[in-house]
Amino acid sequence: MNAATRARRILLLHGGLLALLFLCQFLLPDYHHTNFVSIMVLAVYAMGYNLLVGYTGLLSLGHAMFFAAGLYGAGMGVYYLDLHPVLAFIIGSAAGLVLAVAIGLVALRTTGVAFMIVTMMFAQAAFLVTLYFNDITHGDEGLTLTQAARGFALFGFTIDLTNPDLRYNLALALFAGALVLTLMVVLSPVGRILIAIRENEERTRMLGYDVRRYKLAALGMSGLLSGAAGAAYVLFFGYVGSSFAAIQYSIYPLLWVLLGGVGTVIGPIIGTLLMFYLVEISRDYTSSYMIVVGVLLVLLVLFFPKGIAGTLRARGRSWIP
């Protein structure tokens, strides 16, 4: 397959996905509108995670701290300082980036299982911080943003982030931006170097590349997307609590990425969508819904060992990035 044909297929696949998500707002009932806002925001979080684990080969169990950094950076800025929501979003995204780089300077001194354990320890420390400063964070009870705090004027128009249609399209814009950014990184020379690090770190180092610098850059981009997802989540839904910093929010993106396809750009949205509705549908039938979800996930992994998009790529669609 020549480069032009591959580029055209990539454009059609990801452009078609964005077009489908745009059309869904006119076809879905209100209940699913809210669900899809959550799915698109959480998919951005999963895309950030996938940049690290799927393309660079660094398995992290501490990504909840980057997501929570975005949540608390934006949420507390609005709640305590009455910040403009746009400024709060920027601060939340930057918080995820800065924290990821700071943690990376320490954690990237390790590799493999040690890296996973170090990131998990940092994440647990961050979770305990949100509980320790209960007077400020309100712990599990959390902080709730008022409707007035989530609205602002822009070019003479009133932007209300509680408006379902506006919220859907802003979530879609965030998802589209993250998708384009991920594609640009993956298809660039930097992306190829990250994949080389994943496949054989020592050989990449022997070729003269500064492996540590590229891994730190990947962690920074991952933290930026995770922080942006957290900031958007609190602005869209008006709540931030310590549960978002708990260990399960480090495991969720791993499940979403494994289910959708590790190391594929489109995999995170597939995994997030499927996992979200597996939980929703199972919950309607039994209180032990996680057992049902677990069984279904095992079956999916058996039939799609590389995730849905990853297995499709392995079975003849090698052009999927």
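Considering each residue of segment 219-238 in turn, at least one proves to be surrounded by 13 or more Cβ atoms within 10 Å (Cβ to Cβ) and at positive phi.
The single condition among (1) assigned to a helix (DSSP H, G or I); (2) modelled with pLDDT under 95; (3) polar (S, T, N, Q) that SER93 does not satisfy is (2).
Looking across segment 175-187, just one residue is farther than 23 Å from ALA102 by Cβ, open to solvent by 40 Å² or more (accessible area, probe 1.4 Å) and either aromatic (Phe, Trp, Tyr) or touching a residue at least 24 places away in the same chain (Cβ under 8 Å) (or both), and that is LEU187.
Restricted to segment 188-218, and to residues there that are loosely packed, with under 14 Cβ neighbours inside 10 Å and among the polar types (S, T, N, Q), the residue that is nearest to the chain's Cα centre (by Cα) is SER188. Restrict the check to segment 52-61 and report whether at least one residue is closer than 20 Å to ASP160 by Cα and out of contact with any Lys or Arg (no Cβ under 9 Å at 6 or more places or on another chain). Checked segment 52-61: no residue is closer than 20 Å to ASP160 by Cα and out of contact with any Lys or Arg (no Cβ under 9 Å at 6 or more places or on another chain). Would you point out the residue of segment 264-288, among those that are part of a loop (DSSP other than H, G, I, E, B) and either touching a Ser or Thr at 6+ places or on another chain (Cβ under 8 Å) or without any contact (Cβ under 8 Å) to a residue 12 or more places away in the chain (or both), that is least open to solvent (accessible area, probe 1.4 Å)? Taking the candidates together, the pick is VAL265.
Before we move on, is PHE276 touching a Leu at 6+ places or on another chain (Cβ under 8 Å) and modelled with pLDDT of 90 or more? When the stated conditions are applied, PHE276 passes them.
The helices (runs of 4 or more DSSP H) falling completely within segment 167-263 that include 2 or more residues that are of a type in the set (Phe, Trp, Tyr) map to 211-237, 248-260.
The numbered conditions (1) out of contact with any Asp or Glu (no Cβ under 8 Å at 6 or more places or on another chain); (2) outside any loop (DSSP other than H, G, I, E, B); (3) closer than 14 Å to GLY238 by Cβ; (4) not acidic (Asp, Glu) are all true for PHE122 except (3). A count restricted to segment 289-321 and to residues that are open to solvent by 20 Å² or more (accessible area, probe 1.4 Å) and small (Gly, Ala, Ser) stands at 4. When you scan segment 297-320, do you find a residue that is of a type in the set (A, V, I, L, M), in a loop (DSSP other than H, G, I, E, B) and within 19 Å of VAL257 (Cα to Cα), even just one? Yes, segment 297-320 contains at least one residue that is of a type in the set (A, V, I, L, M), in a loop (DSSP other than H, G, I, E, B) and within 19 Å of VAL257 (Cα to Cα). Exactly one residue out of LEU71, LEU166 is among the aliphatic types (A, V, I, L, M), at pLDDT below 95 and open to solvent by less than 80 Å² (accessible area, probe 1.4 Å), and it is LEU166.
I'd like to know if segment 272-281 contains one or more residues that are among the hydroxyl-bearing types (Ser, Thr, Tyr) and under 18 Å from ASN50 (Cβ atoms). Scanning segment 272-281, I find at least one residue that is among the hydroxyl-bearing types (Ser, Thr, Tyr) and under 18 Å from ASN50 (Cβ atoms), so the answer is yes. Residues in segment 133-143 that are exposed (fewer than 13 other Cβ atoms within 10 Å of the Cβ) and either without any contact (Cβ under 8 Å) to a residue 60 or more places away in the chain or at positive phi (or both): PHE133, ASN134, ASP135.
The values are calculated or read from the model by the stated rules, or taken from the named source; none is laboratory data. Just so it is clear, the structure is predicted and the values come from calculations on it, not from any experiment. Neighbour counts are summed over all protein chains in view; Cβ atoms, including those assigned to glycine, are modelled from backbone coordinates with ideal geometry. The area values use the complete protein model at the heavy-atom level, side chains included, leaving out ligands, DNA and RNA. Shrake-Rupley method; radii C 1.70, N 1.55, O 1.52, S 1.80 Å.
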